[in-house]
Amino acid sequence: MKDTILIDSYAQIKHNQNGKFRAAVRSSVLDLLSLKHKILGDEEVLKTPRIQFLYFHHIFQDELKNFENLLEYLSKDHVFISHSEAVDRLLTDRVDKPYIAWSSDDGIQNNMLAAKALNKYGASCCFYINPASIGLTDVEKIKHFCREKLEMPPVAFLSWNEVELLQRQGHEIGNHTFKHDMVSQLTQEQFEEDFLKADTILTQKCGPIKHFAYTYGRFENFTKPAFKFVMNNGYQSCISASRGCHINGKGMLNKNKVFLRRDQIIADWNLSHIKHFLIKGVQELDYNTNFLPKSLD
Ligand SMILES: [Zn+2]
């Protein structure tokens, strides 16, 4: 869709962002931490066998080069596997290499550009989408959805044809709720209704859905009864957006107890800053982070 009201570059998002001073401070801190890793040779830890889930929301044209550089860098020490394979390897205790499984939330149209880059590296991605925004063409509705649900300027969303194309390219589709409400602000009944609505539509359009990513991603944005409901509906996994990666080594895991973590990537970020988050994740690698956090239990 070509519409000047919809943004089509990451530069436009940065331009509209508040807190430029805070961003500059954050960047300086990350520069220092990256320097420390360089001096200590910490990058070696990235060769540690583990399952690392990485996700992004968007890859705009002006982020593409950086995204390809990141893929190139990660492909040297990691094996890219599908979301389903990553979950299966973790549950069956087959985490024998450094694995990365990609996913993306919100179904933004430039996911097609991301897929093109991922395809070059044979990397399968799980696209977590909201049926309420897929195929939206009404600019007022797009503006409303982006402002109210995604807290970002208006962007184009994938069409159902594009979703199908992603599947044909070997990517997976996951449930990200029907209309991107915050689960912790819904009653259990409202959540169940929304979840089943999304599941029914996605199953009709894409076939059986096995993975769920709840919206907003912090632990406090989700609830234990909602987690139980998802898993009781035959799903294989439920994923947050809290940083951290996974290791097993203690045998089979019960999927109904496993709660996944992911690291967000903004391709525009400096590569050394992304490395910092990955290194930190490995340094804090702990068997217990495979499970529901205490705050949700
Ligand atoms: Zn989302």
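The values are calculated or read from the model by the stated rules, or taken from the named source; none is laboratory data. As the structure is a computational prediction, the values presented were derived from the model and not from experiment. Ideal geometry is used to build each Cβ from the backbone, glycine not excepted, and the neighbour counts take in all protein chains shown. The accessibility values were calculated without ligands, DNA or RNA, using every heavy atom of the protein model including side chains. Shrake-Rupley method; radii C 1.70, N 1.55, O 1.52, S 1.80 Å.
Do we find that Val230 is surrounded by 14 or more Cβ atoms within 10 Å (Cβ to Cβ) and more than 23 Å from Cys125 (Cα to Cα) in this structure?
no
What pairs can you find where one residue is in the range 65-80 and among the charged types (D, E, K, R), the other is at pLDDT 95 or above and not in a helix (DSSP H, G or I), and their Cβ atoms are less than 6 Å apart, with a gap of 6+ or different chains?
Asp77/Pro98
Suppose we filter the range 7-59 for residues that are touching a strand residue (DSSP E or B) at 6+ places or on another chain (Cβ under 7 Å) and within 20 Å of Leu150 (Cα to Cα); how many remain?
Number of matching residues: 5.
Among the residues of the range 75-134, which ones are touching a Pro at 6+ places or on another chain (Cβ under 9 Å) and over 23 Å from Gly217 (Cα atoms)?
Across the range 75-134, the qualifying residues are Asp77, His78, Val79, Val95, Asp96, Lys97, Pro98.
Which of (1) loosely packed, with under 15 Cβ neighbours inside 10 Å; (2) among the charged types (D, E, K, R); (3) more than 16 Å from the ligand (Cβ to nearest atom); (4) closer than 24 Å to Gln264 by Cα does Glu172 not meet, given it meets every other one?
The failed condition is (1).
I'd like to check which helices (runs of 4 or more DSSP H) are fully inside the range 1-92 and have at least 2 residues that are over 21 Å from Leu166 (Cβ atoms) and of a type in the set (Gly, Ala, Ser).
20-40
Report every pair of residues separated by at least 6 positions or lying on different chains whose Cβ atoms are under 8 Å apart, first residue within the range 155-180 and touching a residue at least 40 places away in the same chain (Cβ under 8 Å) and small (Gly, Ala, Ser), second part of a helix (DSSP H, G or I) and surrounded by fewer than 24 Cβ atoms within 10 Å (Cβ to Cβ).
The qualifying pairs are Ala156/Ile142; Gly170/Asn119.
Yes/no per residue for (1) within 16 Å of the ligand (Cβ to nearest atom); (2) open to solvent by less than 40 Å² (accessible area, probe 1.4 Å); (3) out of contact with any Ser or Thr (no Cβ under 8 Å at 6 or more places or on another chain); (4) acidic (Asp, Glu):
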{"position": "Asp199", "(1), (2), (3), (4)": "no, yes, yes, yes"}
{"position": "Leu202", "(1), (2), (3), (4)": "yes, yes, yes, no"}
{"position": "His211", "(1), (2), (3), (4)": "yes, yes, no, no"}
{"position": "Gly217", "(1), (2), (3), (4)": "yes, yes, no, no"}
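When you scan the range 121-150, how many residues do you find that are more than 15 Å from the ligand (Cβ to nearest atom), touching a residue at least 24 places away in the same chain (Cβ under 8 Å), of a type outside the set (A, V, I, L, M, F, W, C) and in a loop (DSSP other than H, G, I, E, B)?
Number satisfying all stated conditions: 5.
Specify the residue that is surrounded by the most Cβ atoms within 10 Å (Cβ to Cβ); the eligible residues are those in the range 175-197 that are more than 23 Å from Gly135 (Cβ to Cβ) and away from the ligand (no atom under 16 Å from the Cβ).
Glu192
Based on what the data block shows, is Ala132 open to solvent by less than 40 Å² (accessible area, probe 1.4 Å), in contact with a helix residue (DSSP H, G or I) (Cβ under 8 Å, 6 or more places away or on another chain) and closer than 24 Å to Phe227 by Cα?
yes
Being polar (S, T, N, Q), in a loop (DSSP other than H, G, I, E, B) and open to solvent by 30 Å² or more (accessible area, probe 1.4 Å) narrows it down to one residue among Asn288, Asn248, Asn256; which is it?
Testing whether each residue is polar (S, T, N, Q), in a loop (DSSP other than H, G, I, E, B) and open to solvent by 30 Å² or more (accessible area, probe 1.4 Å) leaves just Asn256.
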